[in-house]
Every structure is written in C-alpha cells, then in structure tokens.
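In what follows, a structure is listed as structure tokens, so that the remarks can point back to it.
The values are calculated or read from the model by the stated rules, or taken from the named source; none is laboratory data. None of the values given here were measured: they were computed from a predicted structure. Cβ placement follows ideal geometry from the backbone for every residue including glycine, while neighbour counts extend to all protein chains displayed. When the accessible area is computed, the model is the full protein with side chains, heavy atoms only, and any ligands, DNA or RNA have been set aside. Shrake-Rupley method; radii C 1.70, N 1.55, O 1.52, S 1.80 Å.
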Amino acid sequence: MDAVMLVGGQGTRLRPLTMSAPKPMLPVAGVPVTAHMLARARDAGITRVVLATSYRAEVFEEYFGDGSEHGLVLEYVTEVEPLGTGGAIRNVAERLESAPDDPVVIFNGDILSGLDIGALVTRHTTAGAAVTLHLTRVEDPRAFGVVPTDDAGRVTAFLEKTPDPPTNLINAGCYVFRRSVIDDIPAGRPVSVERETFPSLLASGVPVVGYPDDTYWLDLGTPAAFVRGSRDLVTGRMPSSALPGPVGDRLVLPGSTVATDAKIGGGSTIGAGASVGTGARIDGSVLFDRASVGAGAYIRDSVVGRAAVIGNGVVLENVVVGDGAVIEPGNELRAGARVFPGTVLSAGAVRFSSDRA
C-alpha cells in the first residue's frame, strides 16, 4: 500500500520559526512533526511513503534520506509552482506503485493525529469508497471545512467555513483515495480537493464516505498549538514511537546542560546542546538545539529557537524567539510577542511591567 505525505506548506502563521525550516520539519518533542507521523504510518504497516515537498524541499531528504533508518522506503517529489492539495497529490501519481483499485493513504505532515490508520483503510475497503475522509469533532466548526454525512456515513456535502454549520465534524486532513481517483485529478494546474475534487465526486454519485474519530487531533499551525503539541507528545497524551526519550514531565535531549536547581516541567523539551542556568524555570515550553537560558530566567508556553540566547532573569510568556536571537537581561516579553532571527534586544529594552528589578 502506497502513502503520500503532503509537506509543502510554508507555515507563515508560525513565523519566525519557519524562516529557517518548513513547518513539517520543526522539532516537536525533539524530532520533526513529520517524523512522528511517518512513525505512525510505519506502525500501521505502511512501508512506502512519497513525500510531496515544495518550500525548502531539500531539508526533508537531508534528514530522512531513503527512509531506511526509519523503517520505511521514502521517495520525494517537489512541486515547482503551488498546486493546491489536489494538485500536489496528482503531482506524485507517477511515483505510486499501486493498481487502479488499490487504496492510497494521504497524510498532512503538519498535523498530529492519533488516528488508527488501519481502521480508516478498513472502512474505505468495506464501504467500496472512492475516497474516505478522516473526520474529527471540534467545539467551534465555523473556522473549518465541515463534512455532513448521512445515516450510512456517506458524505453529503463539503461546506467551507460556513457561519451556521450543520455538523461539528470537520475534514481532519487524512484520506484514503482509490488510486484511479488520483489519476483522474487534472495534472499541471492548481486543484483543491475540498472545493473541486470532492464536490465533483459527489455530483457524479461516486461513493465518498466519512470516518468519524475522536482520538487526538491537532493542527500545529499556530505558536500556541505548536507548544501544545510538543507538550502533549512529551507527556504521552499523544503517543508516538518517534519520541526520543521516555514519556514524562520533561524531555531533555542528549548533550544539553541543565543546572541542578533549574525547574523544568509541564512537558517542556530541552534540545540537544542547549543549556539552562541556575535557578531558571521552564514550564510547558520548547527549547530548540543549542539554545541558551540564563540564570533566573522564566520561560512559560514559549518557543526558543536554535542557538538563541536568553539572558539572566529574562521573562518569556507565550513568546516565540527566532533562531540566533539574543534577549539580554532585564527584558520581559509576553502575550504573543515574536522575536525574529538574529535580533538583539538590549538589556531592559522591552517590559510589560513598570518594575525593572
């Protein structure tokens, strides 16, 4: 069985982190989110995955190679011009080895999901479906594409971001396609599966079915979601065989240095080669490789980029610090602040309180 992983997005909502790496390659709980989802594919019995790349395409092959170290056979196809979800799927068709009636699993490489992939494929084959969609429930579906189904589970419509959605089931971004459906997607131009492919299948009476599922699901598209996803992997709320350490309250990668009196918890990750100074407190945050945190600093629900330097006593809450940035002592950053790569904030330059003590 073939699988396709869509990893072409730029991740603009996660800037400045994605200025140096595409979103699917950002380290979530110590390894790229793509590694977690490839591990789930492997654990489900999939042995061959084609990665549909675009932005910074070279970094995927540099990291994963031919896939042998991850128990997979990997191939790479790069789209030169943006083709949309459907166009990206069609763009890899020539690399698929499946027969016309075989199932092909399609993943989004920037979504964390506890989906039982085998059960999704079983639903697809027993229903004789052309396409089967993983559906998940959300509290407020107005910001998503909702997918109503009938009593038999067949999809009846695709409604994009409607103000009064008839269901809270949304498209969770994982599909099983009959191989022949992929071949029928128009080649060489942008195609949206949500706006063109799926509605066209419905209009022609082809069976499209839903697979509602209440396991873990998270789109890592925002800094808050990124931090939450990493935290959930570290603490075991989202299981992953790719986690590079035991489940617990923190993940400290090899080569890092942590002062004995530093307090690290809340599912925080300390990257390889990073350092945490005496008296520092890190709660529910992610430090990339070689980041440095000074004595007495306090970091909560934040991301500190590769080789960034956080000075003594600095406070970060809900903040993203880009690669190589320097936050000198006396700074206090909160409420969604983003510091871009290489920036230097001089001592006491930014405060959210009047106290400079």
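How charged is the neighbourhood of Q10? Take every other residue with its Cβ under 10 Å from the Cβ of Q10, and add Lys/Arg as +1 and Asp/Glu as -1. It would help to have the intermediate numbers written out before the result.
Numbers: positive: R13, R15, K23, R56; negative: none.
Once positives and negatives cancel, what remains is +4.
Taking every Cα atom in the range 138-202, find the radius of gyration and the maximum pairwise distance Dmax, and write them in Å.
Calculated on Cα positions, Rg and Dmax stand at 12.9, 37 Å.
One-quarter of the Cα convex hull surface for the range 1-67, in nm²? Let's see the in-between values first.
Numbers: hull surface 18.0 nm².
Projected over every direction and averaged, the Cα hull of the range 1-67 covers 4.5 nm².
Express the relative contact order of the chain as a whole percentage, based on alpha carbon pairs under 8 Å and six or more residues apart in sequence.
Working: 917 pairs, mean separation 48.9, N = 357.
About 14 percent, as a whole number.
Residues of the range 17-56 with backbone nitrogen within less than 15 Å of a virtual label 7 Å along the Cα-to-Cβ line of D66, please, listed as ranges.
Only 48-49 fall inside the zone, counting backbone N under 15 Å.
With both bridge residues required to lie in the chain, what share of the DSSP beta bridges run antiparallel, to the nearest 5%? Walk me through the numbers on the way to the answer.
Working: 20 of 73 bridges.
Bridges in the chain are about 25 percent antiparallel.
Taking 0.36 nm per residue of sequence separation and subtracting the Cα-Cα distance, how much length would be gained by fully extending the chain between D183 and A224, in nm to one decimal?
Numbers: separation 41, 0.36 × 41 = 14.76 nm, distance 3.78 nm.
That pair, D183 and A224, stretches by 11.0 nm at full extension.
One-quarter of the Cα convex hull surface for the chain, in nm²? It would help to have the intermediate numbers written out before the result.
Numbers: hull surface 73.0 nm².
Computed as one quarter of the Cα hull surface, the answer is 18.3 nm².
Hey, what's the chain come to in accessible area per residue, 1.4 Å probe, Å²?
Numbers: 14600 Å² over 357 residues.
It amounts to 41 Å² per residue over the chain.
What is the magnitude of the charge dipole of the chain about its Cα centre, with +1 placed on the Cβ of each Lys and Arg, -1 on the Cβ of each Asp and Glu, and no other charges, expressed in debye to the nearest 20? Before the final figure, lay out the partial values.
Numbers: 31 positive and 40 negative charges, 190 e Å.
My answer is approximately 920 debye.
Rg and Dmax in Å for the range 80-150, alpha carbons only: what are they?
14.4, 39
With both bridge residues required to lie in the range 1-103, what share of the DSSP beta bridges run antiparallel, to the nearest 5%?
Working: 2 of 13 bridges.
Counting only bridges with both partners in the range 1-103, antiparallel ones make up about 15 percent.
Averaged across orientations, what area in nm² does the convex hull of the alpha carbons in the range 19-155 project? Could you put the intermediate results ahead of the total?
Values: hull surface 40.1 nm².
Convex hull of Cα atoms, orientation-averaged projection: 10.0 nm².
Counting only protein heavy atoms and a 1.4 Å probe, tell me what percentage of the range 196-340's accessible area is made up of carbon and sulfur. Could you put the intermediate results ahead of the total?
On the way: 2830 of 5360 Å².
The nonpolar share, carbon plus sulfur, comes to 53 percent.
Considering every Cα-Cα pair within the range 196-308, what fraction, in whole percent, is farther apart than 26 Å?
Roughly 32 percent, once rounded to a whole number.
Would you mind telling me the share, in percent, of accessible area of the range 45-101 contributed by carbon and sulfur at probe 1.4 angstrom? Display every interim value, and only then the final one.
Details: 1350 of 2850 Å².
Taking all protein chains in place, the range 45-101 shows 47 percent carbon and sulfur surface.
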